[in-house]
Amino acid sequence: MEQNDFKPPDRDEVFHELPRADPFFDFAWRVRLDVRMAIGIPLNRVNATSLPSSKVDVGWSKYDNIVPDPQASYQTDIIENNQHPIWNR
């Protein structure tokens, strides 16, 4: 699949643009992460069907090389036995 197969979201879709960053504004960091899909996840040699079961873990911490606390992390649903999972969240 080529990169030009993806299109930016239309205005009628659920999409909220973040305001422009102001370097003089005292702010807290904000991050938006859209988990849509994965393509061609490697096959699982342990599973009888050899298809992988995938999930995405996202976490954050205040410092580099520190494992995030469970309260500061998020996990998507597991998509069972699928090499091309779609989360669309």
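Stokes-Einstein diffusion of the stretch 41-89 at 25 °C, 0.890 mPa s viscosity, Kirkwood radius from Cα pairs, rounded to a whole number: 195 µm²/s. On full extension, the segment bounded by Tyr63 and Asp34 gains 8.1 nm, given 0.36 nm per residue less the C-alpha separation.
Laboratory data are not the source of any read-out in this text; all were calculated from the coordinates shown. Computed from a predicted model, the values in this text were never measured in an experiment.
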